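Below is one structure; the comments refer to it alone.
The values are calculated or read from the model by the stated rules, or taken from the named source; none is laboratory data. All figures in this text were calculated on a predicted structure; none of them were measured in a lab. With ideal geometry, Cβ positions are generated from the backbone for all residues, glycine too; neighbour counts draw on all protein chains shown. Accessible surface is based on the protein model in full, side chains and every heavy atom, while ligands, DNA and RNA are left aside. Shrake-Rupley method; radii C 1.70, N 1.55, O 1.52, S 1.80 Å.
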Amino acid sequence: MRQYKILGGQRLSGEIAIGGAKNAVLPIIAAACLNQSEVYIHNCPRISDVLDSVEILECIGCSVEFLGNTLKISSSAGLKYDVPDECATKMRSSILFLGALLSREKRANLALPGGCSIGERAIDLHLHGLELMGAKITRTEEKLFCETEGLRGAKINLAFASVGATENLMIAAVKARGETIIENAAREPEIVDLARFLKTLGANIRGAGTKTIVIKGVDRLNSHASHETMPDRIVAGTYLLAAAMTGGEITLANVRPFDLAPFASYLTEMGCKLYPDDNCVSLAAPKRLLAVPRITTKVHPGFPTDMQAQFVAALSIADGQSEVTETIFEERYKHVQELRKMGADIRLTADKKTFITKGVERLHGATVTAHDLRCGAALVLAGLAAEGETLVKDAQYVERGYASLESDLRSLGTEICLVGAGGEAVFGGGALVGGASPLFSDCSLVGMSPRSLDSFRV
Ligand code: EPZ
């Protein structure tokens, strides 16, 4: 098992370009098999979740190749509708192939999805919506067997604004007979990116990014489509926090500042200075971060759950007490026990939803374990800020969502490397090498004045 070896105490400084968004590209990859077409997905991050999705595409009969950071997907004649169990169980987003295969082949057999152990990860909203659209779904302990005589438009009111369910139903509705209305739809930027892709395929969609998405089914889709994946706002937020926690400064190129709006104001409240510009943002950290009294995760445009663990790590060394409440995933708290090993003073409430943190001056290095993707990212951040050496085990979780974390952070002046179980250096890690690289953007810190947060407004 790979692990990150970090020598803390280095001040992070420099410029880096952010790659494509994991949570945008995964539904787009699934949607690419909706039609007999050639699809080019640009700015595709080289992360293990993408590699696992590519494996599913190849197993069902698509041909796929990476051309630099572009993924080319050709889905020709009939696809297999039986997704191999070992592929489906690796990650959560395998469930997104359900809508595409039902639409394309009228059948889909899929083992229940895997994914980070941050909660139950139910799929009832996906299945209920697809049944309203005419799918017949039989479910065993481990697997879903689905078929339809042809998907039809339906009015679907999601009990919870589920990102995955919204995406699955959007994909299924593209060629359904009639109009589909998704009420209480998720509004995340990744939903808008998926809609942009589906429209280049020829879909008739309006309302993506709002609570109500209307999709008029079309008979035919285009045989070619290309899409530029949006930048990863969570990777961007993670890197901003890395600079914030080490008293550093950073410029991120290829970001969209308004995507960062749901958490940017907290960075400012913690004493950071932010300099947003057209497609980049810079941050200058204070000597010591200030605590933020309360943060609560919510669906977009609220504070994103995917930034919760990283902010708890930052607040663990901030001056003062803070309370962070996780409302989206019932088990997204495993970073707390690991941060405590590094000297953090964090108390979990009985329901394990709220983390009460009293910031300490300094964390100390320790051997800790990544229990899930963002837990691992939070522990790497803590290691950068800690005194001494930190070993973050089970780095493979982090590689699911960060294409080149260690080379990016090394290029920003920190001491981090990926090592194997025996401590030997590993280059490139589990994900394919290549990803963000330092860029000399035109928005370096010099001469920039802190702009109002209006630029971050959605
Ligand atoms: C997506 O997961 C993201 N993953 C997650 O990112 C992200 O945290 C989450 O959306 C929320 O923004 C991808 O896009 C691949 P949900 P998803 O459906 O679709 C419950 C990361 O770190 N729910 O919005 O699984 C569910 O149990 C990952 O990058 C149902 O009850 O999120 C959870 O409590 C983690 N029934 C809540 O909704 C359903 O049918 C949010 O789930 C579906 C979901």
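A few comments on the model shown:
- Scanning region 125-143 for residues that are within 15 Å of the ligand (Cβ to nearest atom) and either more than 25 Å from Glu183 (Cβ to Cβ) or among the charged types (D, E, K, R) (or both) yields Glu131, Arg139.
- Residues in region 177-189 that are assigned to a loop (DSSP other than H, G, I, E, B) and in contact with a Gly (Cβ under 7 Å, 6 or more places away or on another chain): Gly178, Arg187.
- Here the helices (runs of 4 or more DSSP H) wholly within region 78-176 that include at least 1 residues being in contact (Cβ under 8 Å) with a residue 24 or more places away in the chain, open to solvent by less than 30 Å² (accessible area, probe 1.4 Å) and within 22 Å of Leu221 (Cα to Cα) are 97-105, 124-132, 163-173.
- Qualifying positions in region 235-256 - farther than 16 Å from Leu289 by Cα and either crowded, with 24+ Cβ neighbours inside 10 Å or small (Gly, Ala, Ser) (or both): Val235, Ala236, Thr251, Leu252, Ala253, Val255
- As a summary of the residue check, Ala111 satisfies the conditions (1) within 11 Å of the ligand (Cβ to nearest atom); (2) of a type in the set (Gly, Ala, Ser); (3) more than 25 Å from Ala203 (Cα to Cα) except for the one numbered (1).
- Residues that are crowded, with 24+ Cβ neighbours inside 10 Å, out of contact with any Asp or Glu (no Cβ under 8 Å at 6 or more places or on another chain) and either of a type in the set (S, T, N, Q) or assigned to a loop (DSSP other than H, G, I, E, B) (or both), drawn from region 204-234: Asp232
- Close pairs from region 411-422: first part of a helix (DSSP H, G or I), partner of a type in the set (Val, Ile, Thr), Cβ under 9 Å, at least 6 apart: Ser411/Ile16
- Inter-residue pairs, beta-carbon under 7 Å, first on the phi > 0 side of the Ramachandran plot and in region 350-363, second assigned to a loop (DSSP other than H, G, I, E, B), 6+ apart: Lys352/Tyr333
- Residue ID - farthest from the ligand (Cβ to nearest atom), chosen from residues in region 154-189 that are polar (S, T, N, Q) and farther than 19 Å from Ala203 by Cα: Asn157
- Contacts under 6 angstrom Cβ, first residue in region 320-333 being more than 9 Å from the ligand (Cβ to nearest atom), partner basic (Lys, Arg) and open to solvent by 40 Å² or more (accessible area, probe 1.4 Å), 6 or more apart: Gln321/Lys358; Glu323/Arg294; Thr325/Lys353; Glu326/Lys353; Tyr333/Lys352
- One residue from Leu267, Leu260 being within 20 Å of Ala386 (Cα to Cα) and part of a helix (DSSP H, G or I): Leu267
- Any hit, region 24-40, residues being under 13 Å from the mean Cα position of the chain (by Cα) and polar (S, T, N, Q): no
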